[in-house]
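Notes to accompany the following structure.
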Amino acid sequence: MMPYAPVAPPLVLAEVRPTGAAFTARAFFLHSAAILAVEFRKMVRDPTDLLTRAVQPLLWLLVFGQVFSRTHAIPTGSLTYIEFMAPGVLAQSVLFTAIFYGISVIWERDLGIVHKLLVSPSPRGALVFGKAMAAGIRTLSQAVIIVLLALAMGVRLRFDPLSLFGLAVAVMLGGALFSTFSLVIACLVKTRERFMGIGQLLTMPLFFASNAIYPLDMMPSWLKIIAQYNPLTYLVGALRTLMVQGGGSMARLPLDFGVLLLVFVGLVLLAARLFPGIVR
């Protein structure tokens, strides 16, 4: 009888994955791109939302802008009032489109989609960043509509490639920033009714406490201080410089983009921390 010989267990090769900062960054952006692709498909399937949101800025340009351009009550330097106002209306459109983006997350929570995302291996920051980038792309359609209308109204636009590229980046960054702010609100209030109320409460103060429709020099001192801490002011400044000939100094663009980027990164970190709490 042959003596019993224990059988050695099969050799299991551990899966080797690259580690380090480069791999972490690559994984982050891959997960963000997956979320972006999902959100982009939603936008393509329902383009009517983009068109309906373009109605309000069109009315601002066609009605409000035309009336105030005749009064000459607001000093705008070498620009006509329509030229001064067009970038502000574009910034308003970015704000109004992005600020209600968070309600879709509440809908997704009620449908159980957010629960599935949270149990996935995707980093919370990647989920937030992907949704923010999708919101930024969504606002580009508004920019195209408003730029074409401004051109038809005689606004002296800048059409050099660098300015157009910078304009697109500024619009996307503004949309991403305010959509992330919207996501933070959604994580805090957690109900659609409260979210809509707070969203409507915040949009008009953000808009009027900026240089969108009148220069900062016209503001009382207390409102000017608030405007200087309002990210919409820096978005308007970047859009006015890049969109309109003579709209501003290119030397100010690093400050405008720097503030927008800093606020965006801070909001992404905050939203990533709060995002799991939306299901509680």
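All of the numbers you see were taken from the coordinates with simple rules; none came from a lab. Quick caveat, the model's predicted, so the values are computed rather than measured. Glycine also receives a Cβ, built like all others from the backbone with ideal geometry; neighbour counts cover every protein chain displayed.
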Quiz item: So what's the net charge close to residue 127: Lys and Arg +1, Asp and Glu -1, counting the other residues with Cβ under 13 Å from its Cβ?
Solution: +3
Quiz item: Does anyone have the angle between helix 21-45 and the longest principal axis of the chain? Alpha-carbon axes, 0 to 90°, nearest 10?
Solution: 60 degrees
Self-check item: Lys pairs, the chain - Cα-Cα below 25 angstrom, 8 or more residues apart or on other chains
Solution: 6
Quiz item: Quick one: helix 231-243 against the long Cα principal axis of the chain, what's the angle to the nearest 10°, folded into 0 to 90?
Solution: 70 degrees
Quiz prompt | Residues whose placed amide H lies under 5 Å from that of residue 244, excluding near-sequence neighbours | solution = 158
Practice problem: Would you order 250, 85 from fewest to most other beta-carbon atoms within 10 Å of each residue's own beta-carbon? | Solution: 250, 85
Quiz prompt | Restricting the stretch 196-239 to chymotrypsin sites (Phe, Trp or Tyr not before Pro) in coil, as DSSP defines it, with at most 11 other Cβ within 10 Å | solution = 229
Quiz item: Hey, what angle do you get for helix 161-189 against the long axis of the chain, alpha-carbon based, 0 to 90 degrees rounded to 10?
Solution: 70 degrees
Quiz item: What list of ³J(HN,Hα) couplings, whole Hz, do you get for the stretch 55-62 from phi and the Karplus terms 6.51, -1.76, 1.60, once you set θ to phi - 60° and write x for glycine and proline?
Solution: 5, 4, x, 5, 5, 4, 6, 6
Exercise. Rounded to the nearest 500, what is the 222 nm mean residue ellipticity of the chain from helices alone, with -39500 (n - 2.57) per DSSP H run of 4+ residues and division by all residues?
Key: -23000 deg cm²/dmol
Exercise. Rank the residues 141, 32, 78, 221 as a footprinting-exposure proxy: fewest other Cβ atoms within 10 Å of their Cβ go first.
Key: 221, 78, 141, 32
Quiz item: Of 108, 39, 193, 83, how do they rank once you tally other Cβ atoms within 10 Å and put the fewest first?
Solution: 193, 108, 39, 83
